[in-house]
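Worksheet: the structure to be examined is printed underneath.
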Amino acid sequence: MALPLLSFDEASAMVARCASRLASQTLGRERVDLALSAGRVLADPILADSHQPPFTRSTRDGFACRAAEASTRALLGLAGSVRAGDPPPPPLNSGAACEIMTGAPVPDGADAVAMIEHVEVADGRVRLLPPRKLVPGENLVLRGAQAHEGDELLPAGTQIKAQQIALAASCGYRFVEVFVRPRVAILTTGDELVPVDVVPGPGQIRNSNAPMLEALVAGAGGDPWILPTAADNAASLDRALEQAVDADLLIISGGVSAGRFDLVEPALARLDAKFHFTGVRIQPGKPLVFGELPVHRRNDLQEVHGTKCCCFFGLPGNPISSAVTFLLFAAPVLSALAGNRSPGPRFALAKLAEDTSHAAKPGLTRFLPAHCTFGSGDGKMARVSQISMQGSGDVVAFARSNCFLVIPDDDANLKKGAIVRILLP
Ligand code: AMP
Ligand code: MG
């Protein structure tokens, strides 16, 4: 069952291939209230129901006029006033200007708006002050400049965030068609685990992975389904996995290392699992397992959810290992299952704030919890510092992090000022 260890790039490529295969499947869809759609994935494109903007609108408070006339500093006769919400005013005669507020329709005949700060107004006439000039198109947005009626503005497969909600609202979508979220079973394993509301006895610890993975799954577009924790014995694992095969994706934490009570792989093998890999040269997370359970193990739910198989990830149980391996490998598969066209993981560049200090682990690509200061508006590049920690179980240090610093597998000694890659959550 043990397959050769893959490099980080090999494992990523294998996961990406699987994700693109899953992305082509037909997904269930549902209609949701636009206001509750954040995080969901569009099943239908968003179309412009009218030109955007629907009328030529002013982007400033000032005076609608002809740019060429205003630029001669001629005194322009004031012809009415228009504010946001008013119907379009009558066409503007030559030699005239119309007082206008931001968001108001620009009268026909006007081709620019002089800002209120740039004019003088006296005796019902207005004049552009030197040294200002106006060019046609200044301070207005032409009808249809952003989009034309019927245009596809967002394709299906777009994950909805605040900016997409704003657009859909402006096009009149009170509800949106989204894909049904994939059901993701989360199975934590370990004899030492107690639920969060139980005081651990001697040798026990609280199960922190269940709620952490629940948050990660929800963030990646899945519908988390927490299964009862399985004990480290074959019977308990078999019982749990029998239930879990009804999911679209199965995330198991713990029990995949080389220890005597790491029994997850044999339990998956008893279900005729196909293993894609059983280890990756990364740290933390080396014992990561990825595979799929065969179709014949699935019951009728597979019809409802429309999936063809149940992919699984066996994540090493240490919380930081679980989080890193989820973000790197499980999240892209989950995003693809959710219909999202741009599955992660998300990397960025940052400048190293201090020399790194870590034990040499050549041959392993490393992902160390780090804190990145994402600029303070001063134009400086994001700066990242490694967080010192007591191994991959150190949730205290982990909670102070907001990204992972990527150390390449040649274990280059990274010096202060180096441009480094970070993995974003
Ligand atoms: P394992 O991968 O099962 O060998 O576990 C590795 C380490 O992670 C052990 O110290 C476990 O106690 C810890 N661990 C495993 N599962 C969890 C969990 N659900 N929550 C917190 N720690 C865990
Ligand atoms: Mg364990």
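Coordinate-derived values only; no laboratory data. These numbers were taken from a predicted model, which means no experiment stands behind them. Every residue, glycine among them, receives a Cβ derived from its backbone with ideal geometry; neighbour counts consider all protein chains shown.
Take every Cα pair under 8 Å whose residues are at least 6 apart in sequence, average their separation, divide by the length of the chain, and the relative contact order is 16 percent. Measuring nothing but how far apart in sequence close Cα pairs (under 8 Å, 6+ apart) lie, relative to its length, the stretch 352-423 scores a relative contact order of 45 percent.
Of interest is the spacing of the C-alpha centroids, which for the stretch 354-421 and the stretch 192-216 amounts to 27 Å. Considering every alpha-carbon pair of the stretch 168-305, the percent of pairs per 5 Å bin, from zero through the bin containing the longest distance, is 2, 9, 16, 19, 21, 14, 8, 4, 3, 3, 1, 0. How many angstrom lie between the Cα centre of the stretch 1-71 and the Cα centre of the stretch 151-169? That distance is 5 Å. If the limit is 19 Å between Cα atoms, which of K161/K351; K274/K361; K351/K415; K361/K415; K286/K415; K286/K361 go over it? Violating the 19 Å Cα-Cα cut-off are K161/K351; K274/K361; K286/K415. For the stretch 135-216, applying the loop criterion from DSSP together with a ceiling of 10 other beta carbons within 10 Å to the trypsin sites (Lys or Arg not before Pro) yields R174.
Which angle between 0 and 90 degrees, to the nearest 10, do you get for helix 209-219 versus the longest principal axis of the chain when only C-alpha atoms count? Orientation of helix 209-219: about 30 degrees from the principal axis. Close amide H pairs (under 5 Å, H built 1.01 Å from N) link A79 with A97, C98, E99, residues at least 5 positions away or on another chain. In the chain, the longest principal axis of the Cα atoms and the axis of helix 8-23 are about 70 degrees apart.
Extents of the chain, largest first, come to 93, 54, 41 Å (Cα atoms, principal axes, whole angstrom).
Only sites in a loop by DSSP and with at most 15 other Cβ atoms within 10 Å count here; which trypsin sites (Lys or Arg not before Pro) in the stretch 350-393 make the cut?
Filter output for the stretch 350-393: K380.
Treating the stretch 20-79 as a set of equal point scatterers at the Cα positions, no solvent, please give the Debye-formula log₁₀ I(q)/I(0) at q = 0.29 Å⁻¹. One equal scatterer on each Cα of the stretch 20-79 leads to -1.25. Here the Gaussian network model covers the chain, with springs between Cα atoms less than 10 Å apart; of P54, P362, P91, P91 fluctuates the most.
Over all orientations, the stretch 323-388 has a Cα convex hull whose mean projected area works out to 6.3 square nanometres. Structural descriptor for the stretch 312-396: relative contact order 30 percent, calculated from alpha carbon pairs under 8 angstrom and at least 6 residues apart. Each 10 Å bin, from zero up to the one with the longest distance, holds this percent of the alpha carbon pairs of the stretch 165-227: 20, 31, 23, 14, 10, 3. Can you give the log10 of the normalised intensity I(q)/I(0) at q = 0.13, 0.16 Å⁻¹, computed with Debye over equal Cα scatterers of the stretch 312-425? Log10 of I(q)/I(0), two decimals: -0.52, -0.78.
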